[in-house]
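A.B. asks: Below is a structure I'd like to ask you about.
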Amino acid sequence: MTSQSENTQTHPPSFSLREIASWTPGVCQEATTNIRASIPALQRGLVWSPQQNELLWDSILRGFPIGAIVVTKWSDKLKRTTEAADGSIKYHLLDGQQRCNAIAMGFSDPFSAKKAADGKKAESILWLDLNPAPERNSTRNYWVRATTTAHPWGYRKDDSATPLGAWNIRQALVPLGLDSADPEYQRPSPVGLWPCEAAAAIPVPLAWLLQLPLDDEPAFRSKLELKAAEATSFQWASKVREFCVKPEAAEIKSHIFKGIKRADAARLIALEASEELLKEVSEQEKTNGSDREDVSNIEQLFQRLNRQGTKLDGEELAYSMIKACWPDLETPINEVSERRMPQARMVSLGVRAALAKDAKQNLPGQPTVSALRVIARSEKDKKVVIQDFITQDLGNACDLVGQWLKYDLLANPSGLLPVHITSIAMSSREVYLLLLHFANRMEGKEVREGWKTAMQALATLIHWFAPEKAKVANRVYACCRDELSLENIRTAMKAAHDAGELHTIHTPEAVEAFVGLPEVDLKHWNWWVPIHGDGKLEGIQRRRYAWEGFLNFRNNRELLLYAQRGFLARRFRDYDPARKDLWEAHNRPWDFDHILASYYFYNRKDSRDFRGVCGQWGYTIGNLRAWPFEDNRSDQDETAAKKIKGDLARLEDSFLLPNEEHAFSGGDKARGDETTARSFAGICRERLLRIYRMWYKSVGVAELLTTVEDASSLATEPNTTNGK
């Protein structure tokens, strides 16, 4: 395999960490190695968390074995379309991708002049804390710290690498002169920040240490001091320099030097899979009449290896197989999925959308890995249809869906945020598939008046209010098979409602009348009260059917995001909800902040009269706002008046009206004083209704559901409460 394998030696070849890092473009390219390995087409993307990257390097620096990697000889069948064609790559990496990526990350120096010239900002950086305080509950000996696009300030000092608190984050921004409360604030990149004090005392890029000469310890320290002294543009470098000249830090300096030497000496054994595996078929496939999946040897090995590590889900496994069978699809899928959804979901929807044109009554189901393999090998016509659609039409269809759905202050003010669209693709995939199918059919045709808002209404109605999403999407698909029209969509939605697949969608006026607060006996109010009515069984059953599922909108945080879409689009314009690898530890750059702090109603066991009603309203979106993670107050009992301070911009961004913050500032009195409790519940109710009305009116729900309105009004009975 290497020069070793060409000799008579029989033991497995091995590689230094630097050699492995050099397999990643742009990292350690000066390293000399006889063998270069690439990631084959069937491998998955990056899935390791910051914690896993940190702990791997702790193991390396301590001299722990980190396992072997598995390679197989290079094959045209497994190559990626982006792979260099110069013959330098001799092997494919079958197992160990995540470890090799973590190793390359450790050697990658985003602060080098070359990286700066390239203009590409690192999405993740590994640092080493030169002088960590002892942590009782940690198993680490070396505090390798990750910073990411999601958390450029680092993570907590625990083995789980949990997110830092808001106060720590705000303190991290101070040296840069950044104020997270500033309306123009944008989160810095990892290169623009460094692990804050709560994450590391004296952080230095791990790559700096790995690049230093290791002849002797004094020279090691001297070179680090010089490098830090030259890095005058980085604030963190001054602490590194001070540490290098501290005589009292001799023990920790020696500890670090020994760890870096162990990393330099570390080698990973490479187990080479036999060339027999590259044969097209396995013995299983040769067996006539076998009812098992036809899987090639190389695929079987890949699947078994990956069962031992971070497991692939069904779509990821299917995507790996598709990349192996259709290498030409990888590049268009990567391009189309960017900022929309993970590649595995995009290719899954792309395959189904390609087949939807010739489907009969229902949208095509998700093909199994086995079915995809059969198409790739023996169903030429289907394969061509899929390949042509993904390479030629999928991008245009996604663009058109984006034009319909995506919020733009001027061009599409009623639209949805990118996080909504990604959520639809991930949680309601049949809905996104339906829209892709519509877009494919309408490519090049003039967009009809009202079509954008109709698609926004259709997508959110099914996504938020349909207990049977796939069935509703299939009804709409079937009704529009011959003619794609709003009238046919209305017919399908009416049928879905009548079949119980879609909750009754009530008008804002009907909701306001139904959800009222009593003039007396407020302390006993709960969400069962309007459904219970006069207590007669027949009425309760009817109201439960018409209202119970629908009222779940009171907890729908995506509906709240819609109400705040202008603020969120402006504040988080660089947020990419499709990058689940970057946002794994905290999947959004905002918090959901209780306007009346949950401190005043969560798990309170006292006997104050209005504790129950306070909790009933406190957990609804009427008492929530989406607010920047780093600006969210860490004090649990902070009042709304103190948080918002009467600032009109903050009120508007929080979807509050002037003076409403006072109703959310009652503190403990909200549980014990009727006037305060009624004020909180009343304003919370009004805001909840305002959020619902904003969506209902903006996307024109009534225009799409005119046939359902009769059912809505019949289900609504006069409320005996005053609604205040």
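A.B. asks: Which values, in whole Å and largest first, are the semi-axes of the equivalent ellipsoid of the range 504-596 obtained as the square root of 5 times each eigenvalue of the Cα gyration tensor?
C.D. replies: Output for the range 504-596: semi-axes of 37, 15, 13 Å.
A.B. asks: Suppose R0 equals 56 Å; then what is the FRET efficiency for Arg690 and Ser233 from their Cβ-Cβ distance, rounded to the nearest 0.05? Intermediate values should be presented prior to the final figure.
C.D. replies: On the way: r = 48 Å, r/R0 = 0.86.
Here the calculated transfer efficiency is 0.70.
A.B. asks: Residues in the range 323-351, backbone N under 15 Å from the label point at Gln366 (7 Å along the Cα-to-beta-carbon vector): list them, ranges by number please.
C.D. replies: Counting backbone N atoms under 15 Å from the label point, the list is 342-351.
A.B. asks: Any idea how far the Cα center of the range 500-525 sits from the one of the range 590-621, in Å?
C.D. replies: If you average the Cα positions of each part, the centres end up 20 Å apart.
A.B. asks: Report the Rg/Rh value for the range 325-404, based on alpha-carbon coordinates and the Kirkwood definition of Rh. Mind showing how you got there, number by number?
C.D. replies: Working: Rg = 12.3 Å, Rh = 13.0 Å.
Rg divided by Rh gives 0.95.
A.B. asks: Could you give log10 I(q)/I(0) at q = 0.09, 0.11, 0.12, 0.15 Å⁻¹ for the range 135-289, computed by the Debye formula over C-alpha point scatterers of equal weight, without solvent?
C.D. replies: Each listed q maps to, in turn, -0.45, -0.59, -0.66, -0.89.
A.B. asks: How would Tyr545, Tyr600, Tyr432 line up from fewest to most surrounding beta-carbon atoms within 10 angstrom? Spell out each step's value before the answer.
C.D. replies: On the way: Tyr545 15, Tyr600 23, Tyr432 29.
Arranged by neighbour count, lowest to highest, Tyr545, Tyr600, Tyr432 become Tyr545, Tyr600, Tyr432.
A.B. asks: Treat the count of other C-beta atoms within 10 Å as a stand-in for reagent exposure and order Tyr477, Tyr619 from fewest to most. Don't jump to the answer; show the numbers that get you there.
C.D. replies: Details: Tyr477 21, Tyr619 16.
So the ranking, lowest neighbour count to highest, is Tyr619, Tyr477.
A.B. asks: Could the peptides 444-451, 671-678 be put in order, highest first, of the mean number of other beta-carbon atoms found within 10 Å of their residues? Show your work: numbers first, answer last.
C.D. replies: On the way: 444-451: 10.4, 671-678: 18.1.
Packing proxy ranking, top to bottom: 671-678, 444-451.
A.B. asks: Still on this structure: Counting other Cβ atoms within 10 Å, which trypsin sites (Lys or Arg not before Pro) in the range 205-246 have at most 10 and lie in a DSSP loop? Walk me through the numbers before you get to the answer.
C.D. replies: On the way: sites: Arg221, Lys223, Lys227, Lys239, Arg241; in loops: none.
Sparse-neighbourhood loop trypsin sites (Lys or Arg not before Pro): none present.
A.B. asks: Right, here's the next one. Suppose each label sits 7 Å from its Cα in the direction of the beta carbon; what would the Asp215-Lys445 distance come out to in nanometres?
C.D. replies: Each label point is offset 7 Å from its Cα along the Cβ direction, giving 7.6 nm.
A.B. asks: Next question. Along the Cα→Cβ direction, 7 angstrom out, place labels at Tyr599 and Ala68. What is the inter-label distance in nm?
C.D. replies: Those two pseudo-labels are separated by 5.7 nm.
A.B. asks: Something else: Of the peptides 358-365, 662-669, how do they stack up when ordered by the mean number of other Cβ atoms within 10 Å, highest first?
C.D. replies: 662-669, 358-365
A.B. asks: For Leu416, what residues show an amide H to amide H distance below 5 Å, using hydrogens built from the backbone and excluding near sequence neighbours?
C.D. replies: Close amide H contacts, sequence-distant or interchain: Lys406, Tyr407.
A.B. asks: Express the C-alpha Rg of the range 313-498 as a ratio against the empirical globular expectation 2.2 N^0.38 Å, rounded to two decimals. List each step's numbers first, then the result.
C.D. replies: On the way: Rg = 16.0 Å, N = 186, 2.2 N^0.38 = 16.0 Å.
Cα Rg divided by the expected 2.2 N^0.38 Å: 1.00.
A.B. asks: If r is the Cβ-Cβ distance from Glu509 to Glu225 and R0 is 51 Å, what FRET efficiency results, to the nearest 0.05?
C.D. replies: Efficiency, rounded to the nearest 0.05: 0.10.
A.B. asks: Which percent of Cα-Cα pairs in the range 508-715 sits in each 5 Å bin, short to long?
C.D. replies: Bin by bin from 0 Å, the calculated values are 1, 7, 14, 17, 18, 15, 13, 9, 5, 2, 0.
A.B. asks: Further question: Sort Arg554, Arg377 by Cβ crowding within 10 Å, fewest neighbours at the top.
C.D. replies: With the sparsest Cβ surroundings first, the list reads Arg377, Arg554.
A.B. asks: Once you sort the root eigenvalues of the Cα gyration tensor of the range 442-598 as a ≥ b ≥ c, which label holds: rounded (a/c under 1.5), prolate (a/b larger than b/c) or oblate (the other case)?
C.D. replies: Verdict is oblate for the range 442-598.
A.B. asks: If you don't mind, there's one more thing I want to ask. In nm, give the distance between the simple-model label positions of Asp574 and Val245, each being 7 Å from the Cα along the Cα-to-Cβ direction.
C.D. replies: Rounded to a tenth, the inter-label distance reads 3.4 nm.
A.B. asks: Return a whole-number percent for the relative contact order of the range 313-498, with Cα pairs under 8 Å and 6 or more residues apart as the contact set. Display every interim value, and only then the final one.
C.D. replies: Numbers: 199 pairs, mean separation 38.4, N = 186.
That works out to 21 percent.
A.B. asks: Would you kindly derive the ³J(HN,Hα) couplings of the range 441-456 from the backbone phi angles with the Karplus curve 6.51 cos²θ - 1.76 cosθ + 1.60 (θ = phi - 60°), listing them in order in whole Hz, with x for Gly and Pro?
C.D. replies: Those phi angles translate into 6, 9, 4, x, 9, 5, 6, 6, 4, x, 5, 4, 5, 5, 5, 5 Hz.
A.B. asks: Another question, then. Report the net charge of residues surrounding Cys28, where surrounding means a beta-carbon distance below 11 angstrom and charges are Lys +1, Arg +1, Asp -1, Glu -1.
C.D. replies: -2
A.B. asks: A further question follows. On a full-extension model of 0.36 nm per residue, what is the gain between Leu537 and Ala499, subtracting their alpha-carbon distance, rounded to one decimal in nm?
C.D. replies: In short, 11.5 nm is gained.
A.B. asks: In addition: Using 1/(1 + (r/R0)^6) with R0 = 22 angstrom and r between the beta carbons of Asn137 and Lys258, what's the FRET efficiency to the nearest 0.05?
C.D. replies: With a Förster radius of 22 Å, E is 0.35.
Taken together, the values in this text are just the output of simple stated rules run on the coordinates, not laboratory data. Note that the coordinates shown come from a computational prediction; the quantities given were computed from them, not determined experimentally. When we count neighbours, we look across all protein chains shown, and the Cβ atoms used for this are built from the backbone with ideal geometry, even at glycine.
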